[in-house]
Every structure is written in C-alpha cells, then in structure tokens.
Amino acid sequence: MEKVSGIKLHIGVDTLGLPHAIMVTTTNVTDRTGAINMVDYYCDVTDHLSALKKIMADGGYTGETFANTVKALSGAEVEIVKRNEFHTFAVLPKRWIVERSFAWLDKCRRLWKNCERKLQNSLQMFSLAFIRLLLNRY
C-alpha cells in the first residue's frame, strides 16, 4: 500500500447510527465510486447488506447509474434525500442519522487529523472508534 495524503470515509449505518459497512478511500475517489465499492465489498464478503430494502443517500449520490448499480449489487433501492433551500437550515428527515455518526467520530481525538500512513490503518482506527462508542453505551 502507498502513503496516503488524504482519506475519505464512506459509512453505511442503520437507523440507530451504528455502522454496518465502512470503507476508507483516498480523496481522489468520488462519493459514488466509493459507495459502490463499499456495497460491492460487503455484499461479497458478508450477508449484512442482503436484508436491505432501501438505501438513503444525500445529493452527492444522485444518478441512475449509481442507483442501478447498487440495486444490482444489493437488491436495495436508492432514495436521495436532497436539501430544499441552500442558505437556510432545516432538519431533513433521516439525513441526520449519518451526520450523527460522523459527529460521534469527531469526538475521537485521533481521527481529527489523518495521522495514519495506510488506508488499512485508518479503517482500523474508525472501527476502534465505533467499538469504543458501543462499549461506552452498553
């Protein structure tokens, strides 16, 4: 693996905000490509995503190609949750769930800045952060 200059985190969470799929990529990978890679990987390795009926995503994941690819890989349909107005704040239904998960990760000091040199190490740090969250909660 090569040295990483920047990372992008793709997570798939349930309605409680707990992760079912985590993928770390370099910043040159687009959101759609990273999400497709994540769904493809987790559908091949585990059956965690096979029970999904609907995947909700933000406006960065629009497009028929993305929706059709995810439908072919996991069998779930994609619903895009878009903002209504750009310069006003409004809580959108279901969109805050994944934002809450990112906020939980922001509480971990080690994740504030990319200190890791390899993608696999970054993935393990994100996994450990969620494990810590679960252990503190239950």
Within region 54-86, which residues are within 22 Å of GLU99 (Cβ to Cβ) and in a loop (DSSP other than H, G, I, E, B)?
ASP58, THR62, GLY63, ALA76, VAL81, LYS82, ARG83, ASN84, GLU85, PHE86
Being at pLDDT 80 or above and exposed (fewer than 12 other Cβ atoms within 10 Å of the Cβ) is the filter here, so list the residues in region 80-98 that pass it.
none
Output the residue which, of all residues in region 1-36 that are open to solvent by less than 70 Å² (accessible area, probe 1.4 Å) and in a loop (DSSP other than H, G, I, E, B), is modelled with the lowest pLDDT.
VAL4
Tell me which residues, restricted to region 12-45, are closer than 11 Å to SER74 by Cα and β-branched (Val, Ile, Thr).
ILE36, VAL39
Return yes or no: is THR69 at pLDDT 90 or above, open to solvent by less than 100 Å² (accessible area, probe 1.4 Å) and among the polar types (S, T, N, Q)?
yes
Starting from residues that are over 24 Å from LEU119 (Cα atoms) and of a type outside the set (S, T, N, Q), keep the ones in region 37-57 and report whichever is surrounded by the most Cβ atoms within 10 Å (Cβ to Cβ).
ILE55
Scanning for something at pLDDT 85 or above and surrounded by 17 or more Cβ atoms within 10 Å (Cβ to Cβ), does region 106-118 turn up at least one residue?
no
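The values are calculated or read from the model by the stated rules, or taken from the named source; none is laboratory data. The structure displayed is predicted, hence computed values, not measured ones. Positions of Cβ are generated from backbone atoms using ideal geometry, with glycine treated the same way; all protein chains shown enter the neighbour counts. Side chains included, ligands, DNA and RNA excluded: accessible areas come from the protein's heavy atoms. Shrake-Rupley method; radii C 1.70, N 1.55, O 1.52, S 1.80 Å.
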